[in-house]
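One structure below.
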Amino acid sequence: MIAASALGKRYSEGLEALKDVSFEIGDGEMVFITGHSGAGKSTLFKLIAAIERPSSGSIVVNGQNLAALSRGAVPYLRRNFGLIFQDQKLLFDRNVLDNVLLPLSIVGQTGKDAIRRARAALDKVGLLARERATPVALSGGEQQRLAIARAVVNRPAVLLADEPTANLDSGSAADILEIFRAFHQVGVTVIISTHDPQWMARLSPRILCLEKGQIKGQMRGTARDRADGGGAR
Amino acid sequence: MNAWLAQHLAALRDALRRLAASPLNSALSLLVIGIALTLPTAGWVVIENLHEATRSASGIQQISVFMAADAGKRDIGEVESRLRGAKIGTWRFVSRDEALKRMQSLEGMTEVVASLPRNPLPDAFVVEPADARPESLEVLAQTFSGWPKVAHVQLDSAWVKRFDALLRIGKRVVALLALLFAGALVAVTFNTIRLQILAQAAEIEVSKLIGATDAFIRRPFQYYGALQGALGGLLAAVLVAAGGYFLAAPVAELAALYGGNFALRGLSPGDTAVLTAAGAALGWLGAQISVSIHLHQIG
Ligand SMILES: Nc1ncnc2c1ncn2[C@@H]1O[C@H](COP(=O)(O)OP(=O)(O)OP(=O)(O)O)[C@@H](O)[C@H]1O
Ligand SMILES: [Mg+2]
């Protein structure tokens, strides 16, 4: 469970990226965070993962108030999440398999067992055949799927994806969204940020709409609310 | 416990992989560290050997005790019984007649001695103390000269004392060298690790973002530093051994000229272990400092 209340973030430059943001995301939910470029989606993403600290208000993840989290506790908090970054942060000097092995080695998983799990994750995103390739040799959609494989290999309870379909054609984007839906269906909490909610609404019953750092609308609906979801911003 | 062990093994493997990944860089760093450790180690070995050499050389240290010209049989008996009582080593009496005979047997001296109106030489004792330390010799000489009818005591240990003082200076110099080169080792490791951290900034950043602890990120660098230092220590041991091998023959020759059977002593397995451990500790320290400073700049 993730709960934000009166959450605010002001970067050192003085700009208020988020103000007075409150919401709750329950376990197993699938939530889209939408909004124009600069609305504060990535900022919210970073606050949830304790990459940035809130300037005001509070954000609580699994009962832990992140504003009061000690430096030493941050790594363990992050292991609850599968993080997919807007800029992906793949390691281009390592092959596909080694990229997926990284989160496993961080939690002390090495050897055959780790390789088996990494391959299973690559299989889920359809990249098993490319395990020896370097990420440079992958297409944009394949790189995105590699980022997903790395995020899910530790079987996190929460998938947190920042614009996972940016710069992808609609076919590749649909593939990616299918993958997220599959994880949602097995009980993983999925939080996806995007500034392009059009065809996302067909997957998600819930949309959080940000505008200039504030929540301007919360939609709860079914797949039929697609048009409304798009209009919510 | 198992996961803990696995993490350390993984870090060690990672360090080895990095060492092997850039063989030229690794070899050059190792060479620098090896040489830095060789100089003080070689100095130490030289000092130890000189120490050993003077100890065996001072073993043939003698004190000559010359009796006064008017000393009679009773006076000689007195000194003899005192020497016996003192139990300080071996000694032997050289009568003035015996001394003269020896002098006569020397080439060119026969005529000189024949021309003397009477024997000018005194009776003497030649003492070889068991305890040949310069300080002890000094004390003995002092004691002897206080005995009755002893005219003169000759002690040839002044050079031993001077040499001993020089050795003490040498030891200090070696200690200073060791300190300096230890600093160099730490600095070299610091820089090696700094470059590695820069080269792996992306990996470190991602690792931190997805839940790596600081300890996890530091560990491979610490292992790398320790490993490099340990290998440098081993290299130094090999270099010193090679130097010893190179010098063994001429040293044995020199020793033979002095009638001794002195052999160079190299590093014992224990010394080598200490050297390797010291290299590892210094390498670890350099890596630790580097990691502490540079990891904060990333993420
Ligand atoms: N590290 C930072 N320092 C200063 N200002 C920042 C920083 N990160 C973001 N901002 C500002 O905060 C605001 C929100 O940025 P954020 O990245 O959260 O937007 P976004 O919704 O993710 O946009 P996009 O869709 O383009 O990714 C922007 O005005 C941005 O300039
Ligand atoms: Mg963003």
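Give me the base-10 log of I(q)/I(0) for region A:17-95 at each q in 0.15, 0.21, 0.24, 0.27 Å⁻¹, Debye formula, one uniform scatterer per Cα, rounded to two decimals. Relative scattering, expressed as log10 I(q)/I(0), comes to -0.62, -1.15, -1.40, -1.58. Computed from Cα positions, the angle between helix B:269-295 and the longest principal axis of chain B comes to roughly 40 degrees.
Just list whichever of A:K124/A:K212; A:K41/A:K124; A:K124/A:K216; A:K9/A:K124; B:K101/B:K149; B:K87/B:K161 have alpha carbons separated by over 30 Å in the model shown.
Numbers: A:K124/A:K212 36 Å; A:K41/A:K124 27 Å; A:K124/A:K216 35 Å; A:K9/A:K124 36 Å; B:K101/B:K149 23 Å; B:K87/B:K161 24 Å.
Where the Cα-Cα span goes over 30 Å, the pairs concerned are A:K124/A:K212; A:K124/A:K216; A:K9/A:K124.
Placing +1 on each Lys and Arg Cβ and -1 on each Asp and Glu Cβ, with no other charges, gives chain A a dipole about its Cα centre of roughly 440 debye. Projection of the Cα convex hull of region B:63-160, averaged over all directions and equal to a quarter of that hull's surface, yields 7.0 nm². Could you derive backbone 3J(HN,Hα) for region B:103-108 from the dihedral phi with the Karplus parameters 6.51, -1.76 and 1.60 (θ = phi - 60°), listing whole Hz in sequence and x where the residue is Gly or Pro? Once rounded to whole Hz, the list reads 5, 4, 6, 6, 4, x. Label-to-label distance, B:L254 versus B:L116, with points set 7 angstrom from Cα along the beta-carbon direction: 3.8 nm. Which of B:A212, B:V188, B:L155 sits farthest toward the positive end of the charge dipole of the protein assembly as shown, with +1 on the Cβ of Lys and Arg and -1 on the Cβ of Asp and Glu? Highest projection toward the positive end goes to B:A212. Between B:I169 and A:R155, the FRET efficiency estimated from the beta carbon spacing at R0 = 56 angstrom works out to 0.25.
Kirkwood radius and radius of gyration were both taken over the C-alpha atoms of region A:90-155, and their ratio Rg/Rh is 0.92.
Gyration tensor over the Cα atoms of chain A: the corresponding equivalent ellipsoid has semi-axes (square roots of 5 times the eigenvalues, largest first) of 28, 22, 16 Å. Using θ = phi - 60° in the Karplus curve 6.51 cos²θ - 1.76 cosθ + 1.60, the 3J(HN,Hα) couplings for region B:211-228 round to x, 7, 7, 4, 4, 4, 6, 6, 3, x, 5, 4, 4, 4, x, 5, 5, 5 Hz; x is entered for Gly and Pro.
Show me the trypsin sites (Lys or Arg not before Pro) within region B:44-152 that DSSP assigns to loop and that have at most 14 other Cβ atoms within 10 Å of their Cβ. Show your work: numbers first, answer last.
Values: sites: B:R55, B:K73, B:R74, B:R82, B:R84, B:K87, B:R92, B:R96, B:K101, B:R102, B:R118, B:K149; in loops: B:K87, B:R118, B:K149.
The qualifying sites are B:K87, B:R118.
The 3J(HN,Hα) values that the Karplus relation (6.51, -1.76, 1.60; θ = phi - 60°) gives for region A:162-169 are, in residue order, 9, 6, x, 10, 4, 6, 10, 5 Hz. Gly and Pro appear as x.
Of the DSSP H helices in chain A, those that are both long (alpha-carbon extent of 15 Å or more along the helix axis) and hydrophobic (Kyte-Doolittle mean at least 0.0) are A:96-106, A:170-185. To the nearest 10 degrees, how steeply does helix B:73-86 sit against the main Cα axis of chain B, on a 0 to 90 scale? In chain B, helix B:73-86 runs at an angle near 20 degrees to the longest axis. Placing +1 on each Lys and Arg Cβ and -1 on each Asp and Glu Cβ, with no other charges, gives region A:90-155 a dipole about its Cα centre of roughly 200 debye. Across all Cα pairs in region B:145-299, the calculated P(r) in 10 Å bins from zero up to the longest distance comes to 10, 23, 23, 16, 12, 8, 5, 2, 1, 0 percent per bin.
What does the charge count around B:I76 come to, taking other residues whose C-beta lies under 14 Å from its C-beta (Lys +1, Arg +1, Asp -1, Glu -1)? Please list the in-between numbers first.
Working: positive: B:K73, B:R74, B:R82, B:R84, B:R92, B:R96, B:K149; negative: B:D70, B:D75, B:E78, B:E80, B:D97, B:E98, B:D123.
So the surrounding residues net to 0.
Compactness of the protein assembly as shown was expressed as the Cα radius of gyration divided by 2.2 N^0.38 Å, which yields 1.73.
Quick one: angle between helix B:134-145 and the longest Cα principal axis of chain B, in degrees between 0 and 90, rounded to 10, please. Helix B:134-145 sits roughly 20 degrees off the main axis of chain B.
Summing charges over neighbours of B:S26, with a neighbour being any other residue whose Cβ is under 13 Å away from its Cβ, gives +2 when K and R count +1 and D and E count -1.
Net charge within 14 Å of A:K46 by Cβ-Cβ distance, Lys/Arg positive one each and Asp/Glu negative one each, not counting A:K46 itself?
Values: positive: A:K9, A:R10, A:K41, A:R53, A:R78, A:K89, B:K208; negative: A:E52, A:D87, A:D162, A:E163, B:E205.
So the environment of A:K46 carries a net charge of +2.
Seen from every direction in turn and averaged, the convex hull around the alpha carbons of region B:73-125 projects onto 4.4 nm². Placing unit charges on each Cβ (+1 for Lys and Arg, -1 for Asp and Glu) gives region A:129-192 a dipole about its Cα centre, and among A:S139, A:A157, A:N167 the Cα reaching farthest toward its positive end belongs to A:A157. Compactness of chain B, taken as the C-alpha radius of gyration over 2.2 N^0.38 Å, stands at 1.65.
Placing unit charges on each Cβ (+1 for Lys and Arg, -1 for Asp and Glu) gives the protein assembly as shown a dipole about its Cα centre, and among B:T276, B:G244, A:L210 the Cα reaching farthest toward its positive end belongs to A:L210.
A short reminder: the numbers here are calculations on the coordinates, not readings from a lab. These figures come from a predicted structure and were not determined experimentally. Note: ideal-geometry Cβ built from the backbone for every residue, glycine included; neighbour counts use all protein chains shown.
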